[in-house]
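Only one structure is covered here, and it is reproduced in the block below.
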Amino acid sequence: MSKVLQFPKRFLWGAATAAYQVEGASDQDGRTDSIWDAFCRMPGAVVGGQTGGTACDHYHRYREDVALMSSLNLGAYRFSTSWPRIKPDDAAVNPAGLDFYSRLVNELCAAGIKPWLTLYHWDLPQALQEQGGWANRDTAYRFAEYALIVHEALGDRVRVWTTLNEPWCSAFLGYGSGVHAPGIQSQPQALAAMHHLLLGHGLVVDELRRRDPDAKLGLTLNFTVADPLDPDDEFDVDAARRIDGQFNRAFLDPIFHGSYPPDFLADVEKYGLDAKIRDGDLDLIRSRIHTLGVNYYHGEAVTGHPREDAENAHAAPVERPVAPAFPAADHVSSVSRGLPTTAMGWEVQPEGLYRLLLRLQDEYSGPAGTALYITENGAAFDDEVAGDGAVHDPQRLEFLRAHIIQCHRAIQAGVDLQGYFGWSLMDNFEWAWGYDKRFGLTRVDYNTLERTVKDSGRWYAQVAASNQIHTAP
Ligand code: PNW
């Protein structure tokens, strides 16, 4: 029987995007290349050689898109600012770039939609990559300079600031496996990048707190809930420990406890991370945050035994050879436990989100007094476009329902979860997968750039308006 689940007053319902995935206009009004522009030009890097050059053309259609958000009853919009649009090279600030975000923020405020700004969603200026990118410590300081420029321009209207989106992906997919920009395959560089991203986060939180004591500051991490395939098998248990260490705890422990996990440090010992950590770094990284953004897409079962049917959720969709995404888990693989999967091949595991939220509350965010927000959750499925233009996506709708139910369950269990952002407001450039994979609540026709709200989007609009969901159709 269907039940109605009511969410707490002031629970925030939103949707998310990222600059390079939706904006387009990649060479307009003074913007220069990011590492993603350069990566997209590398043969075999992105499916079909696609790029974010036009994407959803959000740069020119932002007014229409804010109206779309209003029609979906969104209380907040999570977007990112493009560093090479705002500070194209080391010398100058680009007023035209800042002006775009200022107009977007004004439009949001006029519509009563809270702007939820992320400073870095993977588009490092290519000029900085040519000096080593995140593997170079100096990039952390350049990041803090850029953050202050954005804050100076928008801080009067933007009250929630997220430093980084998913630094795991930036470090380990960008510099380790090479599936993401800048496409480097070097575990020492990946670990250096991880530390410098965290340092950049700490520097920005420290500066912004001083300049703007009332601003809400935080970051967004992506998590995996890796279960040992056989909980009684010591190899499988060790595999799960490694993946948890190199995915979740390598970021959570420095941020909330001011230290890297000892087992993680031992696993990655040969890659020289120790030499990158300087006195005072971990104190900065531990700077108190108000919000922790949780991105959750899938569960996984892992084994430490060699398997022929191993799956790789972090594999490249292209022919180009890539390296492992985990620096110290060579003999570990993910295996199917027969659960349904999305078009990404990711296992649908809503209950993993509940367990994750409880763990964060108990071990990390709770003791620190940090509020949790789901900053991304959603799924790629093949949509059905009907003759009348309607877009039927029952699998996405049920995916969202199942995960939102787990959010409600977590709140009932005492988790301080204050909001939920669906990924994504609209179909967009899905990184190495190009436009092949659609995550939108809204369909984008890439020929006409027309937006059509999907069935899941209509349903989500009702959830946002009523602040409740029905547990069954
Ligand atoms: C996230 N993985 O990316 C990003 O924040 C979004 O920009 C992206 O569109 C969305 O999730 C869907 O993919 C991820 O391999 C990419 O584990 C890859 C992984 C995780 C997250």
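The values are calculated or read from the model by the stated rules, or taken from the named source; none is laboratory data. Just so we're clear, the structure is a prediction, and the values are computed from it rather than from any experiment. No Cβ is skipped: glycine too gets one built from the backbone with ideal geometry, and neighbour counts run over all protein chains shown. Each accessible area value is taken on the protein alone, full model and side chains, heavy atoms only, with ligands, DNA and RNA left out. Shrake-Rupley method; radii C 1.70, N 1.55, O 1.52, S 1.80 Å.
In the stretch 68-117, how many are within 17 Å of Gly457 (Cβ to Cβ) and basic (Lys, Arg)? Here the count works out to 1. For the stretch 277-315, taking the residues that are hydrophobic (A, V, I, L, M, F, W, C) and surrounded by 22 or more Cβ atoms within 10 Å (Cβ to Cβ), the one that is farthest from the ligand (Cβ to nearest atom) is identified as Ile285. Of all residues in the stretch 346-382 being in a loop (DSSP other than H, G, I, E, B) and under 16 Å from the mean Cα position of the chain (by Cα), which is modelled with the lowest pLDDT? Checked the stretch 346-382; the qualifying residue modelled with the lowest pLDDT is Trp346. Screening Ser2 with (1) of a type in the set (S, T, N, Q); (2) buried (at least 19 other Cβ atoms within 10 Å of the Cβ); (3) at pLDDT below 95 gives one miss only, at (2). Quick one: is Trp83 in contact with a Cys (Cβ under 9 Å, 6 or more places away or on another chain), in contact (Cβ under 8 Å) with a residue 40 or more places away in the chain and open to solvent by less than 20 Å² (accessible area, probe 1.4 Å)? Criteria not met by Trp83. Among the residues of the stretch 161-185, write down those that are of a type in the set (A, V, I, L, M, F, W, C) and either open to solvent by less than 10 Å² (accessible area, probe 1.4 Å) or within 12 Å of the ligand (Cβ to nearest atom) (or both). If the condition is that a residue be of a type in the set (A, V, I, L, M, F, W, C) and either open to solvent by less than 10 Å² (accessible area, probe 1.4 Å) or within 12 Å of the ligand (Cβ to nearest atom) (or both), then Trp161, Leu164, Trp168, Cys169, Ala171, Phe172, Leu173, Val179, Ala181 are the ones that fit.
Exactly one of (1) acidic (Asp, Glu); (2) assigned to a loop (DSSP other than H, G, I, E, B); (3) touching a residue at least 60 places away in the same chain (Cβ under 8 Å) is unmet by Asp330. Its number? That leaves (3) as the condition not met. Scanning the stretch 1-56 for residues being in a helix (DSSP H, G or I) and among the β-branched types (Val, Ile, Thr) gives a total of 3. What about Gly245, is it more than 18 Å from the chain's Cα centre (by Cα), at pLDDT 95 or above and part of a helix (DSSP H, G or I)? Answer is yes for this residue. Taking the criterion of being outside any loop (DSSP other than H, G, I, E, B) and open to solvent by 20 Å² or more (accessible area, probe 1.4 Å), the residues of the stretch 227-242 that qualify are Asp227, Pro228, Glu234, Phe235, Val237, Asp238, Arg241, Arg242.
Residue check: Ala472 meets all listed conditions (1) of a type in the set (A, V, I, L, M, F, W, C); (2) in a loop (DSSP other than H, G, I, E, B); (3) surrounded by 15 or more Cβ atoms within 10 Å (Cβ to Cβ) but one, namely (3). Only one of the numbered conditions (1) in contact with a Gly (Cβ under 7 Å, 6 or more places away or on another chain); (2) surrounded by 24 or more Cβ atoms within 10 Å (Cβ to Cβ); (3) within 21 Å of Phe251 (Cβ to Cβ) is not met by Leu441, and that is (3). Please determine whether any residue of the stretch 187-200 is at pLDDT 95 or above, under 28 Å from Gly299 (Cβ atoms), away from the ligand (no atom under 16 Å from the Cβ) and open to solvent by 10 Å² or more (accessible area, probe 1.4 Å). Looking for residues that are at pLDDT 95 or above, under 28 Å from Gly299 (Cβ atoms), away from the ligand (no atom under 16 Å from the Cβ) and open to solvent by 10 Å² or more (accessible area, probe 1.4 Å), one finds at least one in the stretch 187-200, hence yes. Within the stretch 371-401, the set of residues being basic (Lys, Arg) and within 16 Å of the ligand (Cβ to nearest atom) comprises just one member, Arg396. Taking the listed residues Asp309, Asp283, Asp279, the one that is out of contact with any helix residue (DSSP H, G or I) (no Cβ under 6 Å at 6 or more places or on another chain) and part of a helix (DSSP H, G or I) is Asp283, with no other qualifying.
Here is a list: Gly258, Gly174. Which entry is modelled with pLDDT of 95 or more and at positive phi? Step by step, each of Gly258, Gly174 is checked, and only Gly258 is modelled with pLDDT of 95 or more and at positive phi. Examine the stretch 255-264 for a residue that is closer than 23 Å to Ala410 by Cα, open to solvent by less than 10 Å² (accessible area, probe 1.4 Å) and part of a helix (DSSP H, G or I), and state whether such a residue exists. Yes: one or more hits.
Within the set Glu311, Glu319, the sole residue that is closer than 13 Å to Leu229 by Cβ and out of contact with any His (no Cβ under 8 Å at 6 or more places or on another chain) turns out to be Glu311. May I ask you to verify whether Gly422 is open to solvent by less than 50 Å² (accessible area, probe 1.4 Å), assigned to a loop (DSSP other than H, G, I, E, B), touching a Leu at 6+ places or on another chain (Cβ under 8 Å) and within 16 Å of the ligand (Cβ to nearest atom)? The answer is no for Gly422.
Of all the listed residues (Arg458, Arg396), the sole one being part of a helix (DSSP H, G or I), surrounded by 15 or more Cβ atoms within 10 Å (Cβ to Cβ) and free of Cβ contacts under 8 Å to residues at least 24 places away in the same chain is Arg458.
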